[in-house]
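The values are calculated or read from the model by the stated rules, or taken from the named source; none is laboratory data. From a predicted model like this one, the values you see are computed outputs, not experimental measurements. Methodologically, a virtual Cβ is constructed for each residue, glycine included, from the backbone with ideal geometry; neighbour enumeration extends over all protein chains shown.
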């Protein structure tokens, strides 16, 4: 059997000289391979005799020890390269790391505003030009009040037509949108949003331009689009993101607001009040209930925080 330290040294020389990896990368590889040698010594097993079950057990140990999935993935990448090099040099018949994957990191909870912050943001009135203020206010009301995706929002037309991807029926107080997977759905539009939309339509102008500004898109599309920019073109998703971020700073909201945050807030606050997961799924247009269930975790987090702040037993010190 060849000396493990000598094999590692040869491999590190190879990646430094022949592969020309950065010095810092080689140093990280060295640390990863030092960890591999440590695990192998505990078994004990020679590095050339390491097998797939060994590696899987070491991954489990790292995971239970608190190392992140991303950190484990980086270590496995270093080990995998080492054993690939050993195989090319005829020192091993198989790569024990080849089919081993790091544990998946838990999906982060969607960011949602608290109820007070969401209401503060929705009620905010800026000192912007009335045309811009009316438009932005109507967008906020639809994003937070109806849970629309930003793509659904900018796809809305003033009225229904064969070419329309979506539209708002003010009389019926409904928004008809084209969601993911080209699936259509209808969602209710609240009274506040209806009022904001009526205000916007009064100021929007016949072509969606402010004060008859220039139109750089086809007149037909400019006339159809519910939300336009100053030049008359249909508003882009990037523009909506920028406007909401600016508006949240003006409103004094601590967290910069983006369109999907308002959608998350819509779902979370609705679920907190109703507890009806199926209804929230329908309103959001989720194909699978599992996608909607993430909001139950968000709701529980809210309840847990309330408990920690308010319940006497949560704050009580254990008796020594």
Only one residue in 193, 164, 160 is over 26 Å from residue 119 (Cβ atoms) and touching a residue at least 40 places away in the same chain (Cβ under 8 Å). Which one? 164
Tell me, please, whether a residue that is in contact (Cβ under 8 Å) with a residue 60 or more places away in the chain, in a loop (DSSP other than H, G, I, E, B) and under 30 Å from residue 229 (Cβ atoms) can be found in segment 86-109. no
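Please find, within segment 147-157, the residue that is nearest to residue 190 (Cα to Cα) out of those that are touching a residue at least 60 places away in the same chain (Cβ under 8 Å) and more than 19 Å from the chain's Cα centre (by Cα).
As a first pass, look at segment 147-157 and keep what is touching a residue at least 60 places away in the same chain (Cβ under 8 Å): 147-151, 153-154, 156-157.
From what's left, more than 19 Å from the chain's Cα centre (by Cα): 154, 156-157.
Working: 154: 19, 156: 17, 157: 18 Å.
The residue in question is 156.
Please work out if residue 60 is closer than 18 Å to residue 29 by Cα and either touching a strand residue (DSSP E or B) at 6+ places or on another chain (Cβ under 9 Å) or modelled with pLDDT under 95 (or both).
Values: closer than 18 Å to residue 29 by Cα: no; either touching a strand residue (DSSP E or B) at 6+ places or on another chain (Cβ under 9 Å) or modelled with pLDDT under 95 (or both): yes.
Considered against the rule, which asks whether it is closer than 18 Å to residue 29 by Cα and either touching a strand residue (DSSP E or B) at 6+ places or on another chain (Cβ under 9 Å) or modelled with pLDDT under 95 (or both), residue 60 comes out as no.
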Taking into account only those residues within segment 255-279 that are within 25 Å of residue 158 (Cα to Cα) and surrounded by fewer than 21 Cβ atoms within 10 Å (Cβ to Cβ), which is nearest to the chain's Cα centre (by Cα)? 260
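Results for (1) within 19 Å of residue 98 (Cβ to Cβ); (2) modelled with pLDDT of 95 or more, shown as yes or no for each residue.
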residue: 2; (1), (2): no, no
residue: 16; (1), (2): no, no
residue: 20; (1), (2): no, no
residue: 27; (1), (2): no, no
residue: 39; (1), (2): yes, yes
residue: 45; (1), (2): yes, no
residue: 54; (1), (2): yes, yes
residue: 67; (1), (2): no, no
Looking only at segment 240-254, which residues are over 14 Å from residue 127 (Cα atoms) and either in contact with a strand residue (DSSP E or B) (Cβ under 7 Å, 6 or more places away or on another chain) or crowded, with 16+ Cβ neighbours inside 10 Å (or both)? 240, 241, 244, 253
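Which is assigned by TED's automatic domain parsing to the domain that holds residue 125, at pLDDT 85 or above, within 21 Å of residue 175 (Cα to Cα) and in a helix (DSSP H, G or I), of 265, 248? Write out each step before concluding.
Numbers: 248 fails: within 21 Å of residue 175 (Cα to Cα).
Checking each option against the conditions leaves just 265.
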So which residues in segment 49-74 are closer than 20 Å to residue 92 by Cα and outside any helix (DSSP H, G or I)? 50, 51
Could you go through segment 206-225 and let me know if any residue there is part of a loop (DSSP other than H, G, I, E, B), under 31 Å from the mean Cα position of the chain (by Cα), surrounded by 13 or more Cβ atoms within 10 Å (Cβ to Cβ) and at pLDDT 85 or above. no
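Considering only segment 117-161, state which residues are part of a loop (DSSP other than H, G, I, E, B) and either outside the structural domain of residue 174 (by TED's automatic domain parsing) or closer than 20 Å to residue 174 by Cβ (or both). Break it down stepwise before answering.
First pass over segment 117-161, keeping only residues part of a loop (DSSP other than H, G, I, E, B): 124-129, 147-149, 155, 158-161.
Result: 147, 148, 149, 155, 158, 159, 160, 161.
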